[in-house]
1. Could you please find all residues in the stretch 105-123 being surrounded by fewer than 22 Cβ atoms within 10 Å (Cβ to Cβ) and closer than 20 Å to Phe36 by Cβ?
2. I'd like to verify a number: residues in the stretch 124-136 that are under 22 Å from Ala157 (Cα atoms) and either surrounded by fewer than 24 Cβ atoms within 10 Å (Cβ to Cβ) or among the β-branched types (Val, Ile, Thr) (or both), how many?
3. So, of the residues in the stretch 128-163 that are small (Gly, Ala, Ser) and part of a strand (DSSP E or B), which turns out to be farthest from Ile39 (Cα to Cα)?
4. Taking the conditions exactly as written (free of Cβ contacts under 8 Å to residues at least 12 places away in the same chain, outside any loop (DSSP other than H, G, I, E, B) and more than 21 Å from Gly141 (Cα to Cα)), does Ala196 satisfy them or not?
5. Examine the stretch 23-41 for a residue that is within 19 Å of the chain's Cα centre (by Cα), at pLDDT below 95 and over 23 Å from Glu197 (Cβ atoms), and state whether such a residue exists.
6. Keeping to the stretch 94-127, report how many residues are outside any loop (DSSP other than H, G, I, E, B) and free of Cβ contacts under 8 Å to residues at least 60 places away in the same chain.
7. Condition (residue is buried (at least 22 other Cβ atoms within 10 Å of the Cβ), acidic (Asp, Glu) and within 18 Å of the chain's Cα centre (by Cα)) applied to the stretch 192-210: is it met by at least one residue?
8. With buried (at least 22 other Cβ atoms within 10 Å of the Cβ), more than 25 Å from Cys304 (Cα to Cα) and not hydrophobic (A, V, I, L, M, F, W, C) as the only criterion, which of Gly149, Gly95, Gly174 stands out?
Amino acid sequence: MPVQCSTCQATTAVDLKLNVSAPSKAIVSAVPKSDFVIITWTAAETQGMALVFGRGLYKFNGENDNNFSPLLFSDLPKPAGEDYHAYFFRATVNGKSVLCLKSEFHPKLQPSETTLFFERLVGAGASRNVGTVITSGTAGGIWELLDLGDVVVTNSARFGLTMPKEQQGLLLTGLANVVGDNAPAGYSNWYDYVNAEILKRDTCLNSGLISTGGRETTSGAPSIYYKSSGTSLTDVVTNSRISDDECGRIATYRTLGATLDENDAYVASALKAVSFTNWVSIRNVSDLPCAASSDDQYDRFGYCSSICGAYAIWAFIMGH
């Protein structure tokens, strides 16, 4: 089955206030100082980030087909089978510097190396390279109201039911204010603005999401969620693997958080180890654990949802 949204373009209905550096394939050994770093993990997630933040200059179709700058720290082992630690490009959003980065470290596979990687990335002590870390990407939707393409913004991460009991008890907290300020006229915040002015109006994105096996037409346009729904928690719940019992235990998962992933609690733990708490998780729903074909949903709609997630990241940066 085809990957959906592959022909979609970045919005022209809204001025994204972007400036983008020219592509360079030169290997870089130090991270440029930035107000924000967006970290994502898969090729589809990275291509969604490139679409929204790259102004048509950047592509990422894989490690051997991209025009990002390779990042290779001189004193850190490379992830197994990889040539570099990460790939990135630089942009500004409304005058704020942004590093758009694909990590080759996957925290569940290299937890100790990941801590060292994030220490290099954010900088040690008072010599920080980065103001705020935005960890992002695809996720399973736990809340009952979530559907493919919806996005959840949170400053809370925890480990899920595939993890040892002592880790399940850890609650990790990031940036205090995930909503921000300086809201555009007529809106309470930038997320509401993006919901109305970008996500609701993007006919290509919406058409891709509601194709067979995707988002229910009754769900309407995708939305960014940034506060609790009733008594539900916004936490991102990190498992060590995709588990077949996620649907069977969905009632329990819904007491823990809003989305399921395999990275963010590891990332939050690594950042805590280097005394860095200015992080936020922005996760886009690419599959539903109880869907009849959740694996197929991830493969077919992960790029669509990654575009939605990138717009949510843009909203976060605009508010901060």
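1. Glu119, Arg120, Gly123
2. Qualifying residue count for the region: 6.
3. Among those that are small (Gly, Ala, Ser) and part of a strand (DSSP E or B), it is Gly141.
4. Taking the combined requirement at face value, the residue satisfies it.
5. yes
6. Of the residues in that region, 3 qualify.
7. no
8. Gly174
The values are calculated or read from the model by the stated rules, or taken from the named source; none is laboratory data. Remember, it's a predicted structure, so these values are computed and weren't measured experimentally. Virtual Cβ from ideal backbone geometry, glycine too; neighbours counted across all protein chains shown.
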